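To keep things clear, I will list the structure first and then write my remarks on it.
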There are 2 protein chains.
Amino acid sequence: METHPSLAVKWSCPDLTIYAGEVTIGEEDRNKMDSKKRKLEKTRITEAACALLNSGGGLIAMQMTNKSEHPVEMGQDLEKSLRELIMSPNMQAFFETKQQEDQFYIFVKSWSCRPEDGSTKPRICSLGSSLYCRSITSKVAMDSREAFEFLKDKKACIKYRPTDDGAPPAKIPRAMCQNSLESNPAFEIFQSKKLEYGQCLLFSESTSIEFKQFSTKHVQAYMKNIIPEYISAFANTQGGYLFIGVDDKRIILGCPKDNVDRDSLKTVANETISKVPVFHFCSSKDKDKVSYETRVIDVFQEGNLYGYLCVIKVEPFCCAVFSEAPISWMVDKEKGVYRLNTEEWVRMMVDFGPEASSKDLSKDFECQLSLCNSPPHCRPVYSKKGLQHKVDLQQRLFQVSPDCLKYTPESLWKELCSQHKRLKGLVKQQIRSFSCGLLILYRSWAVDLNLKEKQEVICDALLIAQNSPPILYTILGEQDEQGQDYCNHTAFTLKQKLVNTGGYTGRVCVMTKVLCLSSQNNIETNGGSVSPINYPSSYNLANIQEMQDLLQALVIVLLNFRSFLSDQLGCEILNLLTAQQYEILSKSLRKTRELFVHGLPGSGKTIIAMKIMEKIRNTFHCETDSILYICENQPLRDFIR
Amino acid sequence: METHPSLAVKWSCPDLTIYAGEVTIGEEDRNKMDSKKRKLEKTRITEAACALLNSGGGLIAMQMTNKSEHPVEMGQDLEKSLRELIMSPNMQAFFETKQQEDQFYIFVKSWSCRPEDGSTKPRICSLGSSLYCRSITSKVAMDSREAFEFLKDKKACIKYRPTDDGAPPAKIPRAMCQNSLESNPAFEIFQSKKLEYGQCLLFSESTSIEFKQFSTKHVQAYMKNIIPEYISAFANTQGGYLFIGVDDKRIILGCPKDNVDRDSLKTVANETISKVPVFHFCSSKDKDKVSYETRVIDVFQEGNLYGYLCVIKVEPFCCAVFSEAPISWMVDKEKGVYRLNTEEWVRMMVDFGPEASSKDLSKDFECQLSLCNSPPHCRPVYSKKGLQHKVDLQQRLFQVSPDCLKYTPESLWKELCSQHKRLKGLVKQQIRSFSCGLLILYRSWAVDLNLKEKQEVICDALLIAQNSPPILYTILGEQDEQGQDYCNHTAFTLKQKLVNTGGYTGRVCVMTKVLCLSSQNNIETNGGSVSPINYPSSYNLANIQEMQDLLQALVIVLLNFRSFLSDQLGCEILNLLTAQQYEILSKSLRKTRELFVHGLPGSGKTIIAMKIMEKIRNTFHCETDSILYICENQPLRDFIR
Ligand SMILES: [Zn+2]
Ligand SMILES: [Zn+2]
């Protein structure tokens, strides 16, 4: 895993924040910059944006090197680069900027390709695909969308190619059969033993022929630099010949023998090509690399050896050939900003989920979250046919009504209020300005998000209210230094899951607030503000529709479990618990320490038991080795281990 | 209709040929050209290619200004421009080039968007959409694909917007409601009576604010030039303010009063905006133009009037606003090369056929040719459910078998051979080198293609054979000067219909050959060659699959008729005759002059009668006024009239 050298992930707010260092902001000042420095800054910010788009969204924080009292625009070069990243001029859909004194922020929403666009955008954003193709006499770098279409075609092509009992599928694409490299006019030159300096070739550049000539003495560096892109272009198109030592006018000049020797020319070409990454959709897996042959041909001038012509013959490839690993980034609070490798990148680009491949699934299950327009990390979510939909589940568990702010579950609210005298007043004061929404109470949200519980927490309350962002209140008995960290960590995990598991595609950040029953004046630990950075008002939930969308994502977060079908289908899919299963889980754990799960075969006992074991681990801080569990169920045991 | 000033349509060969005049070919020589001239040439060739792509394909013929003995590549600028036109680096899919002495040819295949690409390319190619949008501080020209997605979104948006009993749908898109132009910081300046020269504005450029400043004295020309693109960008996004007279640093400079007066500033702005083309998907039709307001504000310097600040406030638009008519071309042998107007262009761009809108259609009819991957001029084709498919029809009427060259219909061949002694030998000699395919005989192909019959023609024979392009033989009794013209015209019409009606998406040109029974040596009128231009071998039918595809297109050409459903659905769709109906039509007309069509109601009597009337008109060269027909059938009468 390649970690980014200059992008740091910050911990100070409940969102994924990348600190991009010092940056000059504004068209006018950026135009005055040294162009190399400007390009470096631009790349850094684009990489940060790419990582956030691919990982659920977040915030890029920059220190402005230039001062401005008034709000400033970013600068044309930055805008252009971000526009290319999202493959659309509609920047407003993913980015929002804000200047706060000398800090400049770019708020980044999670990537998702809207279905209105026909879903032909890839599932992730990239700065470059490193995939090339030939377009008559040019080598063209495929942009993200072209790369996506190329990969889709290749994948589809392989899928429908017949294989007889495990034999590897035919390697040569249809279109190529009639067009062998041996019938190319370049083949004769490729087979020559010697050539004359200054001779003019009788064929011109074409889809399968490229001439290169150079004046540098650093032949090896030059070759390492140019070869990978041409190999990718020829192999991805219909194969061809790369001539190194022929100029644009088709004159053979060769590489002078003083600059390089015969063997090293061949060695550097072969070594460079051996490093070119490939990806197979077909059964060849990684073992088969690009098929090629390098020949170094003597070039004579007036009877004396002048130098060498290097010709590389590249065969068309069954699948995809890259010049280097594709350029795409992700971010993770633990791992930081890291670059995807070729394999990960291709899998994320062409991830469509199991819809098309599995007829069984569509017979027995209903799709609740498909991949075609959900954020990059999402897995497909299904519920069993005939059971409740995510919409029904949200209506049953988290119903919102206009002009009404409700507490849920009511029983827990009453129980908590009877245990803690000041709780009622404290919470009421906080939420008095909101008139429509839900306050969702939990003994601890952390447990349900698979985080460790904090003993001092009386309860966590998640406010989903109109004209407000979601707010997570952590209510403590006594002041606690770690309270804000706990609250931030829980809120951050929740937000990530809402997007990356729940598939929420709106703008979202879960704000945090720590409340303390013992203190007279509840001044929040971060100085009165919910977040140190004022989020734009577009992060507020504007209406009931947006609240319901978010609550449906929450249903998926809380009720999903990995389906046993995942192994069968070879791709991870999630199922949903029923409301009944969820209610058992959310109530019974603290009331009793003995719980028998009984029911008919197939009614979901194992699933419930597994979820309970997971909660026990989080609630009581157990290490895996220190739980004694007795079961006769194989998946349950494997999961807990 | 705007006809192209410098592109001529030639008549010398049986394909659509555009003569693009003198052109410099080859990277090296093009780089030496005057850049203005080079750009003009590039545009001319790209426009010719656009016209051919949109009209069924054809040939661009150029006279090379430079000489080269060896085959040359086109030149990077031409390649790039053609690549942008087809929205893909895969140039080989649509273009092929050939140099023949000092003539340079570009063979252009008909445009079609492959379904593998997810069908997200528009149905036609364009050099520019003339559609703009705002992308933060930039005005961005939408490329053809972005324009397509924008139009699709707008169309979908209108469709699902509720209307109460004929009332026009709400004009303001959803996203705009929260973001009125009156709450914009620029609104205060817009309302000012006077401003101070050198004053700095307290807001910066944004999605809805643009500052323009200029040093030219030709204020009016400048404004006419810049305004349309900004109007389009603001109106298509979320509206905004265009400030003319504010520099990049937000300083109010104004237009000096010496260069322009108050009234003319306002007049030129308003006149320019009134000419901006719009297209409505909603019920507003053409009556509603862009909503805007122009204000000219006095700028004072030290108490004296210095000049004027012009501010244009543009409201967001319900549908699409263009800076000028989109840039896209079509070609027609009669009309020449012509530019589409805005209305035609939008309709062709977003033409999806009736699939999505009509459930009745999918219940009773089966789709034989959908629009999603067929050439631009195609109409959807259906057959009644339960009747034969185009594949079945082709198998029944035009079956091809490996290693066998068949004559069809056999009865006609026998009849012709018995009437004309030398016919058998003459035809056999022509087709002796082909071993697999079909020779389709007709008394006259012209009649079936809705052209006028030529009395001197004994028969027309269409050869569809492997390793050959389709060839149309016209067999005459005596030498005839107009024979080749007739054959060319018939072959050209057939080729156009195979692509534009039949939906054939392969490379195709129908070659011609006139044979004469009376002459001893059958030297073809064009000098021994089937076509004056040697088409590349990719125009040959490579295998049985390609022959079947072409024959299925032929089935649609010969058996289609305009469906009565067309009027109901508000878009033209075609139905197919049954094989039986077709056989009645193709046999009975010459044998008898009296024909009674009888059958059960709904069995297709009217359709047959209409097709027969059409044939009578073509066979006997009748003018519409000179046919006496007696019928009690309304559509039949209307059609014949
Ligand atoms: Zn492979
Ligand atoms: Zn409209």
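The values are calculated or read from the model by the stated rules, or taken from the named source; none is laboratory data. Just so it is clear, the structure is predicted and the values come from calculations on it, not from any experiment. When we count neighbours, we look across all protein chains shown, and the Cβ atoms used for this are built from the backbone with ideal geometry, even at glycine.
The set of residues in region A:225-241 that are more than 14 Å from every other protein chain (Cβ to nearest Cβ) and either within 16 Å of ligand 2 (Cβ to nearest atom) or under 30 Å from the mean Cα position of the chain (by Cα) (or both) comprises A:225, A:226, A:227, A:228, A:230, A:231, A:235. Within region A:295-321, the set of residues being more than 27 Å from residue A:284 (Cα to Cα) and acidic (Asp, Glu) comprises A:298, A:302. Restricting region B:127-140 to residues that are surrounded by fewer than 23 Cβ atoms within 10 Å (Cβ to Cβ) and more than 9 Å from every other protein chain (Cβ to nearest Cβ), the residue that is farthest from the chain's Cα centre (by Cα) is B:139.
Note on region A:141-177: among residues that are assigned to a loop (DSSP other than H, G, I, E, B) and modelled with pLDDT of 85 or more, the one that is nearest to the chain's Cα centre (by Cα) is A:143. Identify all residues within region A:190-222 that are out of contact with any strand residue (DSSP E or B) (no Cβ under 7 Å at 6 or more places or on another chain) and either within 14 Å of chain B (Cβ to nearest Cβ) or not charged (D, E, K, R) (or both); write none if there are none. Once the filter is applied, which keeps residues that are out of contact with any strand residue (DSSP E or B) (no Cβ under 7 Å at 6 or more places or on another chain) and either within 14 Å of chain B (Cβ to nearest Cβ) or not charged (D, E, K, R) (or both), region A:190-222 yields A:191, A:202, A:204, A:206, A:214, A:215, A:216, A:218, A:220, A:221, A:222. Can you confirm whether region A:275-287 contains a residue that is away from ligand 1 (no atom under 16 Å from the Cβ) and assigned by TED's automatic domain parsing to the domain that holds residue A:203? Yes, region A:275-287 contains a residue that is away from ligand 1 (no atom under 16 Å from the Cβ) and assigned by TED's automatic domain parsing to the domain that holds residue A:203.
The residues on offer are B:275, B:289, and the sole one that is within 16 Å of ligand 2 (Cβ to nearest atom), of a type in the set (Lys, Arg) and within 27 Å of residue B:155 (Cα to Cα) is B:289.
The helices (runs of 4 or more DSSP H) located wholly in region A:178-289 that include 2 or more residues which are closer than 20 Å to residue A:321 by Cα and in contact with an Asp or Glu (Cβ under 9 Å, 6 or more places away or on another chain) occupy A:219-236.
With respect to (1) surrounded by fewer than 20 Cβ atoms within 10 Å (Cβ to Cβ); (2) within 16 Å of ligand 1 (Cβ to nearest atom); (3) within 14 Å of chain B (Cβ to nearest Cβ), the lone exception for residue A:291 is condition (3). Which residue, of B:251, B:312, B:327, is surrounded by fewer than 17 Cβ atoms within 10 Å (Cβ to Cβ) and either of a type in the set (A, V, I, L, M) or within 16 Å of ligand 2 (Cβ to nearest atom) (or both)? That would be B:251, the only listed residue that is surrounded by fewer than 17 Cβ atoms within 10 Å (Cβ to Cβ) and either of a type in the set (A, V, I, L, M) or within 16 Å of ligand 2 (Cβ to nearest atom) (or both). Here B:317, B:322 are screened, and the one residue that is out of contact with any Phe, Trp or Tyr (no Cβ under 6 Å at 6 or more places or on another chain), within 16 Å of ligand 2 (Cβ to nearest atom), more than 14 Å from chain A (Cβ to nearest Cβ) and modelled with pLDDT of 95 or more is B:322. Give all pairs with beta carbons closer than 9 Å in which a residue from region A:242-271 that is within 14 Å of chain B (Cβ to nearest Cβ) meets a residue that is loosely packed, with under 14 Cβ neighbours inside 10 Å; count only pairs at least 6 apart in sequence or on separate chains. From region A:242-271, the pairs are A:249/A:200; A:250/A:200; A:250/A:202; A:250/B:70; A:251/A:198; A:251/A:200. Restricting attention to region A:322-345, the residues being within 16 Å of ligand 1 (Cβ to nearest atom) and either among the aromatic types (Phe, Trp, Tyr) or assigned by TED's automatic domain parsing to the domain that holds residue A:56 (or both) number 1.
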